[in-house]
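The values are calculated or read from the model by the stated rules, or taken from the named source; none is laboratory data. Source: prediction; values computed, not measured. No Cβ is skipped: glycine too gets one built from the backbone with ideal geometry, and neighbour counts run over all protein chains shown.
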Amino acid sequence: MNFKITSVRIIDCGPFEDTFIDFLDSNGEPLNGCLISGPNGCGKTTVLVVITELISLLTKCPNHQPGIKKEIGYAQLNMFINNQPFTIYYGAKPKDVTITTNEYLGYEKRDRSDRYKRKTGGKLVSLLHALTHTEEGNEIICPDLDDVKIDGKHLPTVLFFPHNREIETLKGRTQIFKEETHFSLVHRYNNIRQFEGSFESYLIWLDYSDPKTFNKIIKFLNEIDMDGKTFHIDRKNLQVNVRTTNGSTHPLNELSSGEQNLLIILTELRRRLDRSGIVLIDELENSLHPEYQYKLLERLKVFEHKMDVQFIMTSHSLEVFEHLPTNAVRLLNPLLAV
Ligand SMILES: Nc1ncnc2c1ncn2[C@@H]1O[C@H](COP(=O)(O)OP(=O)(O)O)[C@@H](O)[C@H]1O
Ligand SMILES: [Mg+2]
């Protein structure tokens with residue numbers, strides 16, 4: 001299965017009164033990579049959060065309230081699911097809106113009530129509900145990028161990277177934990193402070209239980225070429241070590257914040273993407289030197305091609321702009337438009 005976002009409309013949410021953003025190229029096809037830019041406070045993060053929240057509505061049971069924490073007057077996400085137009089909407093639907101797609105999921109807010117009325121059209125909503133409720137427990141097998149087969153039956157993954165991404169100093173390194181990666185339709189990256197459930201614990205578990213996948217991931221990490229640094233497991237101390245070219249070693253959380261950003265994004269993509277998906281990255285360039293921004297963008301292109309992924313990213317960086325075609329950049333503050 002395949003998801004592509006085509007546009008979003010956001011009303012009365014964060015800094016937005018009523019804003020429409022499309023994610024289409026000049027031929028009207030969904031972009032595989034789109035960059036949202038603009039000054040601080042213009043709503044870049046809000047766009048990514050709204051998209052994530054709306055897609056997560058697809059996994060709600062029909063008799064449950066939507067449970068979205070963000071204050072949203074009205075938001076509408078237009079997308080393609082398996083090339084069929086699909087709409088997700090939420091909130092107080094303005095009078096000028098009519099849902100024109102046959103396939104849709106809506107949570108409509110009624111006047112002066114805190115409750116939302118769920119409305120659906122077509123067959124996709126119940127199919128997606130059934131699939132997400134059987135697949136949530138399935139484990140994602142780290143894909144072999146050289147041999148990814150896009151399978152129409154697999155659900156896409158929606159991965160959201162909030163701007164604060166770092167490898168924490170971990171507590172509780174006492175034993176190896178079983179770190180499986182279960183499928184979930186929407187996954188938000190979290191910084192974890194406990195050893196259990198952490199990125200480091202995952203690598204140590206793989207080294208212990210699944211050497212084939214471990215070798216794939218370590219090979220991939222070593223190929224990122226962060227100034228020749230390599231990654232090694234210290235089983236005795238339950239620690240992932242970084243070895244620098246001069247032979248000294250240090251723990252993972254002593255990498256620079258830019259290196260951590262690179263490592264987190266690329267490893268999480270490898271771990272959580274299951275053949276196709278939508279990846280939302282807030283502040284892509286977080287502490288990244290231009291050379292590393294370039295490396296990251298080049299690696300994202302590999303995922304985009306091999307795994308059928310749509311990237312929607314935010315950034316202030318000129319280097320990031322220069323690597324994307326101008327029709328793939330959306331400036332949220334009209335004063336900045338050229
Ligand atoms: N209810 C609101 N009305 C108007 N502005 C708001 C409201 N809630 C948040 N904001 C503004 O939204 C901005 C934050 O939006 P955000 O999406 O995080 O911006 P960005 O990521 O582009 O820096 C802040 O400047 C904040 O003042
Ligand atoms: Mg932001």
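Below are the figures for this structure:
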{"item": "Set 2, 27: member being more than 11 Å from ligand 1 (Cβ to nearest atom) and either touching a Ser or Thr at 6+ places or on another chain (Cβ under 8 Å) or over 22 Å from residue 329 (Cα atoms) (or both)", "result": "2"}
{"item": "Test for residue 282: is it surrounded by 17 or more Cβ atoms within 10 Å (Cβ to Cβ), in contact with a Ser or Thr (Cβ under 6 Å, 6 or more places away or on another chain) and modelled with pLDDT of 95 or more", "result": "yes"}
{"item": "Condition check for residue 59: among the β-branched types (Val, Ile, Thr) and touching a His at 6+ places or on another chain (Cβ under 9 Å)", "result": "yes"}
{"item": "Only listed residue being under 22 Å from residue 3 (Cα atoms), surrounded by fewer than 18 Cβ atoms within 10 Å (Cβ to Cβ) and away from ligand 1 (no atom under 16 Å from the Cβ), chosen from 305, 250", "result": "305"}
{"item": "Lone qualifier among 72, 88 - being crowded, with 21+ Cβ neighbours inside 10 Å, more than 24 Å from residue 135 (Cβ to Cβ) and not aromatic (Phe, Trp, Tyr)", "result": "72"}
{"item": "Number of positions in region 1-37 that are of a type in the set (D, E, K, R) and farther than 22 Å from residue 307 by Cα", "result": "5"}
{"item": "Exclusive hit being polar (S, T, N, Q), out of contact with any Asp or Glu (no Cβ under 8 Å at 6 or more places or on another chain) and at negative phi, set 32, 27, 2", "result": "27"}
{"item": "Residue count, region 18-58 (criterion: crowded, with 17+ Cβ neighbours inside 10 Å, away from ligand 2 (no atom under 16 Å from the Cβ) and either of a type in the set (S, T, N, Q) or in a helix (DSSP H, G or I) (or both))", "result": "6"}
{"item": "Region 105-147, residues that are part of a loop (DSSP other than H, G, I, E, B), of a type outside the set (Lys, Arg) and either under 22 Å from residue 270 (Cα atoms) or in contact with a strand residue (DSSP E or B) (Cβ under 7 Å, 6 or more places away or on another chain) (or both)", "result": "122, 136, 137, 138, 140, 141, 142, 143, 144"}
{"item": "Number of the condition not met by residue 164 [criteria: (1) modelled with pLDDT of 95 or more; (2) polar (S, T, N, Q); (3) within 16 Å of ligand 1 (Cβ to nearest atom)]", "result": "(1)"}
{"item": "Neighbours by Cβ (under 7 Å, 6+ apart or cross-chain): first from region 282-294, over 14 Å from residue 35 (Cβ atoms) and in contact (Cβ under 8 Å) with a residue 12 or more places away in the chain; second within 13 Å of ligand 1 (Cβ to nearest atom) and in a loop (DSSP other than H, G, I, E, B)", "result": "286/163"}
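Yes/no per residue for (1) within 16 Å of ligand 2 (Cβ to nearest atom); (2) out of contact with any strand residue (DSSP E or B) (no Cβ under 8 Å at 6 or more places or on another chain); (3) closer than 30 Å to residue 155 by Cβ:
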| position | (1), (2), (3) |
| --- | --- |
| 243 | no, no, no |
| 249 | no, no, no |
| 264 | no, no, yes |
| 281 | yes, no, yes |
| 297 | no, yes, yes |
